[in-house]
Amino acid sequence: MYVLLIGDLHIPHRSLDLPARFKSLLLPGKIDMVLCTGNLNTRESLEYLRTIANDVHVVRGDFDDPTLSLPESKVIRVGKYKFGLCHGHQVIPWGDANALAALQRELDVDVLVTGHTHALSVEKTVDGKLLLNPGTATGAFSPCTLNNLTPSFILLNVEDESIALFSYTLGDDGVPVIDRQSFP
Amino acid sequence: MLQTRRDLTQQEYTKHIDFLHQQLVSSWAADQRVTSLKIAIQNAKTMTNTEVLQFYPSKFVLSTEILDTFGKLVYERILERSGRPSVDAPPSSDPQAFERNESAKEMCKNWFYKIASIRELIPRMYIEMALLACYRFLSLTEYDTALERLAKMCRGIGDPLIAAYCRAYICRKGMEVSPKLRKHLYIVFEDFCTSFSQLTPDRLQHILRECELSFSEYLALFVPALEWILQCLSHRSSDDTLNTILHWYERCNNSLVLDAVMTSFDPKYVSDNALRFADLIKKADGLGCPQHQLYMSFGLSLVLSYPDKAVLRRILRDHWKVIVQLENPDDFLRCADVYIEIPAKHFTAADVDHLLGDIVRRVGELPTSTVSTGAGSPGAIAAAAAAAAPIVSGAASPTAGAAAPISTLTLEQALPRLQSILDKILTHLRNFSDLFEMRHFLPMVDLFQTDLVIRNEVCKSILTRFAYPGSTSLFVSAVDRSEVLAEATQLLTDLPRVNTMMYFAKSLHDSVNIMTVDDERRQITELILAFVRRWLVSYIANVASFLIGLPGSPDQGPFFILRQFLEALESYPWNNTSDGKAWCFLSIMKALSHLRTNRSRFNYLGVIPNSVLYDSDDRYEAEVDSLLDIIAEQVTAHLADLKREDSSHAAARRATLSLHLSHILNDYFSCTEATGAMALLQSARANLRETSSHLPTSLHALFRSDPSVVS
Amino acid sequence: MSGKVLDIHLDHIDKTFQAGECVSGTILIDGRKRSSHNGITLTLKGTVLMKHSSRNTGAFEAFYNSVRPIDLIFHTLELAPAGKLPSTILELPFSIPLLPTAEEFPLYETYHGVFVSIQYNIRVDVKGRSFMSGDLSETIEFLLENPPRNISFKPTPVDILISSSAIDSVKKGANVIPKFKITGKINSTLCPITRPFSGELVVEEMGSKIRTIDLQLIRVETCGCADGFSRDATEIQNIQISEGDVLRNFPIPIYMIFPRLFTCPTVSSKNFKIEFEVLINVQLENNHVIAERFPIKLIRLDEKESF
C-alpha cells in the first residue's frame, strides 16, 4: 500500500504551486492514501490532494483556512501500523525529537508524521518508532530551518512486515533525488 | 425481428442490442454495407415502439449508441475515400486528389439518396441524424439547413415522448457537428413546449392505463430528453437565450419544464431574473413536478448566485410563506434545507432564527417512531402515541393535534435533514456568539435527543465550529486572530454560554462507551479538550516554540519578551473551569526547559538565540530556573484544584496535564541533576494510575531514567 | 481492373454526362490474359424502351406487348483492327459527342421506369480469333442529363385544402368519415429535379385518430402511337411525413428528395410521356384513407444539388 506523506505547501501565500516534476509524479490512481501534515492554506490545495487518492487525511497547520475545520491531530490505521498525524507547530521546540517522541507516545502510534519545520527528516525513537517529516513539498519559506529550502515529500510502501521509505527531494538541477530506506 | 416486448427483460433486451451492435460492426468490416444499413434501420425502428414505455429512455441510449457507431463508420469510410487526413483539410490541387475528393462526394451523395428513400419517418430521421457529420463532405453550410429541417420534421411525430427523444438526438448531433448553430435548438424547444402544453391526463388516459403509469411518472420519462435539449441551449447562452426560452416556456407553464430550465441554466441567469422566475413558479401547473421541487431548484440557484439583497429578501419572505404551508413535512424540510442557506449566508442571525422557528415547530410536530413492544399493529399504536404526546420543543405548536400528520415521516427520519440544516447554519456562521442570539437554536438541538448517533454528530459539529472559529477570509491574518481572540474572550466570560458548550462537550463525553471505536474516542477526546483549551492553546504553543529562537533585549534582559508574554497570559480572563491557562503555562515551561538544557537545535537565519548569547551564563540559568519555578507552581495549583473536582472527566484532564508536566520535569532534571522533582513525578504517576492511564508507554519512557521509581 | 479481362472506365465518377458534350472514358484490356483479337469495336446506344402494361392487355389485344423502341443515338467505332495485344494492360481512351441521331427526338434524360425506360449504354466487343479465345463483351450504362436550363425559376405554389365539406359527393360515407380539415401549402408544383419537394401540412381538424400521413411520388407513363396508347400510374416511393396522431394546428414539413434514375424532367413527346404526381395520403386509425393528388412538373435547373 502506497502512502504519500506531504505537507507545508503554503499555496498561494508562500509558493505558487508544486514543482512540475513533483506534480508529474503524483498522478491519480498510483497512491492509496495521502497523509498531509497541513499548511495547505486553501481549499483548492485540499481538493488537489483529493485528486491524487481517495483516502486523504489532513490536519490543521497554523496557516490553514479555519473554515476547512481540520483536526489538530489524527490517528490512522495503515495495515498493521498506526500512524499519527499532526502539523507540529504545537510541539515545543519545533521539530525536537524528544518532544515528538512524547507526542508519538501520547497518540500511541507506530509512526508519527509531522511537518512545520520544512526540513525533511527520518528519525527513530528509542522504542523503535518512526518519526517522519516530509518537509515542504513546495520549498516554501520557513523561518525555523537553516537548511536550504528544498522541496520534498515522502512516499511509503507499507507492507505486512515492513515499511519501505522513499524520500523525494528536488535537486539543484530540478530533478527529483530519491533516497530509499527500509524499516524495520 | 426486433421488438421490445413485454416478455423481454431489460437485460435480455440490452444483450440483444449488444448483439446487433456487434453484427453491425462485423458486417461493415466484411464490406457488407447494405447489411449494415439494414441493421441500423432495424435498430432505428425500435425508436418507434413505445410498448414498454418505462424503458423508452434507456432504449434511446442503447439505440443511439448503435446509430453513432454506424455514423462513425460511414464517415470514416468517406474520409478514407477522400484521401484527406480530415474533412476540414483542404483537398490538394493535384488531379488525382481532386478525383478522390469527387469520388468521396459521390459516395456521400449516394448514402443520402439511399436514406432519403426510407419509408418510415422516424427511422429515416434517426439514420440521417447519425450521418449528419457526413454533410460536411458536400458543403460548409449544409448543417444549418439540415438541422433546421430535421428539427421541424419532428412535428410529424405524433407520440410526444418519441418526438421529445428525437429532438434530444437532434440537439446532441448538432452539438457534435457544429456547437455554434443554435436556430434548430430554438425550434426544438419551442415545439417541445407546444406539444407539452397539449399533454393532459385525459388525452393520455389509455396509454397510462396500458403502461400502468401515473401521469407524473409518465411526465418524468421526458426529463432526460428535456435536460439534453436545455443543456444544449444553455451552452454558451446569452440573456437573450433565456428570454426566448422563458417566452416559449410560458406556452406550457409546466412545472417539469420550468424545473429543468432552472437546473440547466447557469444559476446566475436564474438569479438575475429572480423575480420573473418567482412569478413563473407561482403560475406553474404543478404537473410532473411538485411545487416544492421548484422552490428547491430555485432556492439552489439563489444560494449559488444571489441577486440584489432587497430582491433576495423579498423572495425569501414570499417563498418561505409558501414553504411553511407545504403539507408534507418531508417536502417542507427539503425546501428548508435549501432556503436556510440564504439568510445564513446573506442576512442576520435573527433572519436565520425566524426560519429556524418554523422548522423547529414542524419537526416538533412529527410523531416519534417508538415502536410499542405490545401486541397489535405497532404502526397504529405509534401513531396514536405520537398524536397523544407529540414531542413539542421550543415554541408552542398551534397546529399540534389539529390534524393527523399527512405523511408517515417520523421525527427520527427527519433528523438527518435537520442535521444538514444545522450544518449549513454552522458553516456560514460569522460569529459564534450569533448562535446564542437565535432563540430557536437550542430547541432545535433538543430535537436530536432521540437519536444518539446523530446527536453526537451534531455535538461534534458545534464543538468543532467552536474549537476552530471560522473566519470568512481564507487566510487568517494576525488582525483576524486578534478579533477571534476577542470574541473568544467575550464568549468565555459569558458563563451561561460556556455552560451550554460544556453541555455539548459533556453530552459527547458521556456517549463514549465500550463500543466506541478508538479513533472516534480520540476525536471526541480531542474535541472536548479543544473546547476546554480552544485553539488558543495551540496558538500559544506555537508562540512558545517561536520564542525559543529569539534573542533577548540588550537592555531589558534575555527574557524580556517572554515575561511580557507571561504577563499577558496572566491578565487574560481565564475561565476557572478550563485547563487553558495550565496548558499555556506548560507550553512556556517546555520552551524554558529547552532553553535551560540548551539542546535546542534550531535557530532563525541570521538570528543569534539566547542559548548562544548566554551560553553557560550562571545568571541566565538562574533566571530560567526561577521562571520555571513560578510557572510550575501555578500548574501544580491547578492540578490540585482539579483533584478536588472529583469527577472522571477532571481526572482524565489532570492525568494528561500531569503527564506533560512530568515530561518537562524529567527533561529538565535529567540535565540539571536536581532532585526536587521526585515528589512531582510520584504524584504524576499516581494521577495516571488513578485514571487507568491510556498511555503506559509514556509512563515507561518517563521513568526510564530512574527505574527505581517504577514499582 | 478488378480482375476482368475487359473493362470500361468512364471519366466521370458519377457516370453522368451532359447532352451536347462528349462521353469519354478508357477501355482496358488485360493483355496478360489474352494475347490477340480479331478487332475491337465500341457501340454507343441510347434508346427509349416501352411496353404496355398487362393490365391494359385486354384493350390492346391486337398489339404486341412491347412497342418498338426508339433509338435516340447510335454510334459504332472501330477501335482497333485485328492484331496482337501487348502483354500489359492495354488502355484505349475514347470520346464520343452526345448528339441526337434522329431529328425528331432529342436526347431525353436517363430514366428507369416500369413501362418507359430511357437508357444510354456503351458496349465494347473484342472479337475472338479462335474457339479457345471466344468473343469478349462489356456493357456499361452511363447517365445522360440535359444541360440545365438557365432560366429564372419562379415557384408555382399551391395551397392545400382537403376537407370533409369538399367531398360532399361521398355522402354515403359521411357517417364513417369524420369531419376534417387539412390545410397547407406546396411550395411549388414546378419542381427543379435536384431540389427537394417541399411545403407544409396542417391538420386543423380531424375527428378521428390519424395513423400516418404519407407522401407518395407517382409516375404516370404513357406510351403509344397512332393506333392507341396506354397510360399507367405507378408508385415510385412512399415517404411518411407524419407518424401517429399528430398535434392539430402544428405545421408538419413536407419534404421529399426526388430519387435519381427513377425520376427525370417531365417528358411529353408524341410517342410517349413521362409525368409525375404527388399524392398526400392520410390514413386514419379506422383504416379510412383521405388522399389528394397534385400533379407536378419536373425540370432541370442550373443549380447545385439538394444536398
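Quick notes on this structure:
- Less than 5 angstrom separates the built amide H of A:Leu170 from those of A:Val177, all sequence-distant by 5 or more or on a different chain.
- Placing unit charges on the Cβ atoms only, positive for Lys and Arg and negative for Asp and Glu, gives segment A:2-183 a dipole magnitude near 160 debye about its Cα centre.
- When the surface is traced with a 1.4 Å probe over the full set of protein chains, C:Ser268 keeps roughly 90 Å² accessible.
- Ignoring the sites themselves, chain A has its longest run without trypsin sites (Lys or Arg not before Pro) in a DSSP loop having at most 14 other Cβ atoms within 10 Å at A:81-184.
- Using a probe radius of 1.4 angstrom, the carbon and sulfur fraction of the accessible surface of chain C is 51%.
- Cα gyration tensor shape of chain A, rounded if a/c is under 1.5, else prolate or oblate by comparing a/b with b/c: rounded
- Mean per-residue shielding of peptide C:9-19 is 2, counting Cβ atoms of other chains within 10 Å of each Cβ.
- Over chain A, Cα pairs under 8 Å with separation of 6+ residues give a relative contact order of 21 percent.
- Computed 3J(HN,Hα) for segment C:69-84, one whole-Hz value per residue from the Karplus formula 6.51 cos²θ - 1.76 cosθ + 1.60 where θ = phi - 60°, is x, 10, 7, 9, 8, 8, 9, 10, 10, 8, 7, 7, x, 3, x, 8, glycine and proline marked x.
- Taking every lysine pair in segment C:158-299 that is 8 or more places apart or spans two chains, those with Cα atoms closer than 23 Å amount to 11.
- 3J(HN,Hα) couplings calculated from phi for segment B:220-233 with the Karplus curve 6.51 cos²θ - 1.76 cosθ + 1.60 (θ = phi - 60°) are, in sequence order, 4, 5, 7, 4, x, 5, 4, 5, 4, 4, 5, 4, 5, 5 Hz; Gly and Pro show x.
- With an a/c value of 1.5 or above and a/b not larger than b/c for the gyration tensor axes a ≥ b ≥ c computed over the alpha-carbon atoms, segment C:229-307 is described as oblate.
- Summarising the amide proton neighbourhood of C:Leu85: residues at separation of 5 or more, or on other chains, whose placed amide H is nearer than 5 Å comprise C:Ser36, C:His37.
- As a rough guide to protection, the peptides B:623-632, B:194-203 ranked by mean Cβ packing within 10 Å, highest first, stand as B:623-632, B:194-203.
- Simple rule: put +1 on each Lys or Arg Cβ and -1 on each Asp or Glu Cβ in segment A:82-184, find the dipole, and look at A:Gln181, A:Leu103, A:Gly171; the Cα lying farthest toward the positive end is A:Leu103.
- Among C:Cys264, C:Pro178, C:Phe197 the positive-end extreme of the charge dipole of segment C:158-299 (Cβ point charges): C:Cys264
- Note, ³J(HN,Hα) from phi for segment B:288-302, Karplus 6.51, -1.76, 1.60, rounded to Hz, x at Gly and Pro: x, 7, x, 4, 5, 4, 5, 4, 5, 4, 5, x, 4, 4, 5
- Inter-chain Cβ neighbour count for C:208-215, averaged per residue, equals 2 (cutoff 10 Å, partner chain atoms only).
- The H on the amide N of A:Phe183, modeled in the peptide plane, is under 5 Å from the matching H of A:Ile163, A:Ala164, A:Leu165, each at least 5 residues off or on a different chain.
- Ordered from largest to smallest accessible area (heavy atoms of protein chains, 1.4 Å probe), the residues A:Leu149, C:Leu279, B:Leu230 come out as A:Leu149, C:Leu279, B:Leu230.
- Checking the Cα-Cα distances for B:Lys183/B:Lys268; B:Lys309/B:Lys424; C:Lys4/C:Lys84 against a 21 Å cut-off, the pairs over it are B:Lys183/B:Lys268.
- Within 10 Å of the Cβ of each residue in B:541-551, the mean number of Cβ atoms contributed by other protein chains is 5.
- Area hidden from solvent between B and A (accessible, protein heavy atoms only, 1.4 Å, total, Å²): 3400
- Normalised contact order of segment C:184-238, rounded percent, pairs of Cα under 8 Å and 6 or more residues apart: 26
The values are calculated or read from the model by the stated rules, or taken from the named source; none is laboratory data. A quick note: this is a predicted structure, and the numbers were derived from the prediction, not measured. Don't worry about glycine lacking a Cβ; one is built from the backbone with ideal geometry, like all the others, and counts go over all protein chains shown. For accessibility, only protein heavy atoms count, side chains too; no ligands or nucleic acids. Shrake-Rupley method; radii C 1.70, N 1.55, O 1.52, S 1.80 Å.
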